[in-house]
Amino acid sequence: MSESTGPACSIVIPARNEAESIISVLDRIGDAVTLAFECVVVVDEVIDPTYQMVADLNGEDSRFRVVVNDRGPGPANAIRFGVDASFAPVIVVTMADGSDDPRAIDDLVRLIDRGVVIAAASRYMAGGQQVGAPFLKSMMSRLAGLTLSWFARVGTHDATNSFKAYDRAFLDEVGIDSEHGFEMGIELVAKARRDRRPVAEIPTIWIERSMGTSGFRVGKWLPRYLRWYLVAYTRRRRRPPTPVHAMGDGHD
């Protein structure tokens, strides 16, 4: 898609107190992404130092802008707000801490253009890697991703990774129920599997953040992940076809 017809993708980044890392992350996105894009950084408060950093960058590069989430705290609310505040037909969710590789964004967007509803950047498929993650967090994420791939056949080995691209029409259709943590990634994979919609993946190398501290809390968010993990094993019932005689004969 050319810039004259609008961005090919909207990159949504939830951010909280990421002033140390956000500019280097956005610089890498600007260098790596060759498709036309807009990047929406979502903060919870104007007083967050991240806000001013991105606002200043916007004066130099209008592709990057910052918005203030009014739906309540937490990354899921920030992502939902960012989706609604963006415009492109493809949404890419990535993190503000520099752990994701923005060079994957072009390929993720092109997978959506080819017809899948979710394109996942996968740490657990061949060619992918996770570097430096805490043991418990890494083990649980890997176990969830691989079992969902093997047994529920969700289309990706890494359902829990937040770094994904989404077809906007799919998001509009199924909605986002998550309101707290990063469970949105597994929620939407589960919904795609439940509705028999195509999901694809590409390998990525994820590197644990080197600046700041992670807000991920295993004990707090595990029940929310488990809910969507189980949904991935369900199937939406198809409505039976309407009998011909119930449709009338056209002579009423």
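Side notes on the structure shown:
- Summing charges over all other residues whose Cβ lies under 9 Å from the Cβ of S178, with Lys and Arg as +1 and Asp and Glu as -1, gives -2.
- Annotation: the residues V25, V43, V174, V68, sorted from fewest to most other C-beta atoms within 10 Å of their own C-beta, follow the order V68, V174, V25, V43.
- Potential lengthening of the chain between T234 and S24 amounts to 71.5 nm, from the contour at 0.36 nm per residue minus the alpha-carbon distance.
- Cβ-based exposure ranking for M139, M95, in which fewest neighbours within 10 Å come first: M139, M95
- Using a Gaussian network model of the chain in which every pair of alpha carbons under 10 angstrom is joined by a spring, one finds that among P49, P134, P75 the greatest mean-square fluctuation is at P134.
- Evaluated on the chain, the Kirkwood hydrodynamic radius is 18.8 Å, with distances taken between all distinct Cα atoms.
- FRET efficiency for the pair I47 and I207, taken as 1/(1 + (r/R0)^6) with r the Cβ-Cβ distance and R0 = 35 Å, rounds to 0.75.
- Sites counted here are trypsin sites (Lys or Arg not before Pro) in a DSSP loop (not H, G, I, E or B) having no more than 15 other Cβ atoms within 10 Å; the longest part of the chain that contains none of them is 1-70.
- Charge dipole (the chain, unit charges on Cβ, about Cα centre) - positive-most of T50, S99, N161: N161
- Alpha-carbon centroids, the range 34-55 and the range 112-130: separation in whole Å: 25
- Estimated FRET transfer efficiency when R0 is 35 angstrom, pair Q129-V68 (beta carbons, to 0.05): 0.50
- A simple spin-label model places the labels of F87 and K137 3.5 nm from each other, with each point 7 Å out along Cα-to-Cβ.
- Long-range amide H partners of F64 with built H, under 5 Å: C39
- Residues within the reach of a label modelled at R103 (point 7 angstrom out along Cα to beta-carbon, backbone nitrogen below 19 Å), restricted to the range 17-57, are 24-36.
Throughout, read-outs are computed from the coordinates displayed, never taken from laboratory work. All of these numbers come straight from a predicted model, not from anything done at the bench. Note: ideal-geometry Cβ built from the backbone for every residue, glycine included; neighbour counts use all protein chains shown.
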